[in-house]
(Lines give C-alpha, C1' and ligand atoms only; values in the text may rest on other atoms or scores of the structure.)
Protein backbone atom coordinates (compact mmCIF):
# COMPACT_ATOMS: atom_id res chain seq x y z
CA UNK A 1 0.00 0.00 0.00
CA UNK A 2 1.25 3.45 -0.87
CA UNK A 3 2.33 5.91 1.83
CA UNK A 4 0.03 8.95 2.12
CA UNK A 5 1.61 11.96 0.39
CA UNK A 6 1.09 14.29 3.33
CA UNK A 7 2.88 12.10 5.91
CA UNK A 8 6.61 11.68 6.36
CA UNK A 9 7.92 8.19 7.06
CA UNK A 10 8.50 9.11 10.70
CA UNK A 11 4.97 10.52 11.10
CA UNK A 12 3.47 7.44 9.50
CA UNK A 13 5.51 5.15 11.78
CA UNK A 14 4.28 7.08 14.85
CA UNK A 15 0.69 6.84 13.64
CA UNK A 16 0.99 3.11 13.04
CA UNK A 17 2.45 2.60 16.52
CA UNK A 18 -0.41 4.62 18.01
CA UNK A 19 -2.96 2.66 15.96
CA UNK A 20 -1.50 -0.63 17.18
CA UNK A 21 -1.63 0.62 20.76
CA UNK A 22 -5.29 1.61 20.36
CA UNK A 23 -6.08 -1.75 18.79
CA UNK A 24 -4.44 -3.60 21.69
CA UNK A 25 -6.40 -1.44 24.13
CA UNK A 26 -9.61 -2.39 22.26
CA UNK A 27 -10.18 1.19 21.11
CA UNK A 28 -11.16 -0.13 17.72
CA UNK A 29 -12.87 2.96 16.30
CA UNK A 30 -9.80 5.08 16.94
CA UNK A 31 -7.44 2.36 15.71
CA UNK A 32 -9.42 2.06 12.47
CA UNK A 33 -9.29 5.82 11.85
CA UNK A 34 -5.56 5.88 12.49
CA UNK A 35 -4.91 2.89 10.20
CA UNK A 36 -6.93 4.60 7.45
CA UNK A 37 -5.02 7.86 7.88
CA UNK A 38 -1.69 6.02 7.73
CA UNK A 39 -2.84 3.76 4.87
CA UNK A 40 -1.57 0.86 6.98
CA UNK A 41 -2.62 -2.27 5.12
CA UNK A 42 -1.86 -4.79 7.88
CA UNK A 43 -3.85 -2.75 10.40
CA UNK A 44 -6.78 -2.39 8.02
CA UNK A 45 -6.79 -6.14 7.42
CA UNK A 46 -6.71 -6.77 11.18
CA UNK A 47 -9.71 -4.44 11.54
CA UNK A 48 -11.49 -6.37 8.80
CA UNK A 49 -10.71 -9.64 10.53
CA UNK A 50 -11.99 -8.24 13.82
CA UNK A 51 -15.32 -7.18 12.33
CA UNK A 52 -15.65 -10.41 10.37
CA UNK A 53 -15.18 -12.31 13.64
CA UNK A 54 -17.95 -10.20 15.17
CA UNK A 55 -20.11 -11.05 12.14
CA UNK A 56 -20.24 -7.37 11.17
CA UNK A 57 -19.60 -8.21 7.54
CA UNK A 58 -20.31 -4.82 6.03
CA UNK A 59 -17.69 -3.18 8.27
CA UNK A 60 -15.28 -6.03 7.52
CA UNK A 61 -15.68 -5.50 3.79
CA UNK A 62 -15.15 -1.75 4.24
CA UNK A 63 -11.77 -2.33 5.90
CA UNK A 64 -10.73 -5.10 3.50
CA UNK A 65 -11.58 -2.83 0.57
CA UNK A 66 -9.51 0.01 1.99
CA UNK A 67 -6.59 -2.37 2.47
CA UNK A 68 -7.08 -3.50 -1.13
CA UNK A 69 -7.16 -6.99 0.38
CA UNK A 70 -10.25 -7.87 -1.57
CA UNK A 71 -9.89 -6.85 -5.19
CA UNK A 72 -12.85 -5.81 -7.29
CA UNK A 73 -13.69 -9.29 -8.49
CA UNK A 74 -13.90 -10.62 -4.93
CA UNK A 75 -15.98 -7.69 -3.73
CA UNK A 76 -18.30 -8.27 -6.67
CA UNK A 77 -18.62 -11.91 -5.67
CA UNK A 78 -19.62 -10.91 -2.14
CA UNK A 79 -21.90 -8.13 -3.33
CA UNK A 80 -23.70 -10.51 -5.69
CA UNK A 81 -24.69 -12.62 -2.74
CA UNK A 82 -25.78 -9.62 -0.71
CA UNK A 83 -27.93 -7.79 -3.22
CA UNK A 84 -28.75 -10.01 -6.18
CA UNK A 85 -31.90 -11.99 -6.66
CA UNK A 86 -29.86 -15.14 -6.01
CA UNK A 87 -30.18 -14.35 -2.32
CA UNK A 88 -33.85 -14.02 -1.51
CA UNK A 89 -34.03 -11.84 1.60
CA UNK A 90 -37.72 -12.70 2.05
CA UNK A 91 -36.66 -16.25 2.89
CA UNK A 92 -34.07 -15.04 5.37
CA UNK A 93 -36.19 -13.24 7.93
CA UNK A 94 -34.11 -14.15 10.93
CA UNK A 95 -30.87 -12.19 11.20
CA UNK A 96 -28.94 -15.26 12.32
CA UNK A 97 -29.75 -17.05 9.09
CA UNK A 98 -28.74 -14.00 7.04
CA UNK A 99 -25.44 -13.72 8.91
CA UNK A 100 -24.67 -17.37 8.19
CA UNK A 101 -25.26 -16.91 4.47
CA UNK A 102 -23.15 -13.74 4.35
CA UNK A 103 -20.37 -15.37 6.38
CA UNK A 104 -20.23 -18.31 3.97
CA UNK A 105 -20.05 -15.96 0.97
CA UNK A 106 -17.33 -13.87 2.59
CA UNK A 107 -15.36 -16.98 3.55
CA UNK A 108 -15.68 -18.33 0.00
CA UNK A 109 -14.52 -15.02 -1.47
CA UNK A 110 -11.44 -15.03 0.78
CA UNK A 111 -10.71 -18.66 -0.19
CA UNK A 112 -10.90 -17.74 -3.89
CA UNK A 113 -8.64 -14.76 -3.35
CA UNK A 114 -6.04 -16.78 -1.45
CA UNK A 115 -6.10 -19.56 -4.04
CA UNK A 116 -5.44 -17.09 -6.86
CA UNK A 117 -2.72 -15.27 -4.93
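Just a few scattered comments:
- Positions within the stretch 26-48 being loosely packed, with under 15 Cβ neighbours inside 10 Å and over 21 Å from residue 11 (Cα atoms), in sequence order: 26
- Lone unmet requirement of (1) closer than 27 Å to residue 102 by Cα; (2) not in a helix (DSSP H, G or I) for residue 6: (1)
- Selection status of residue 101, modelled with pLDDT under 75 and surrounded by 11 or more Cβ atoms within 10 Å (Cβ to Cβ): yes
The values are calculated or read from the model by the stated rules, or taken from the named source; none is laboratory data. Predicted model only: the values in this text are computed from it and were never measured. We place every Cβ from the backbone using ideal geometry, glycine too, and count neighbours over all the protein chains shown.
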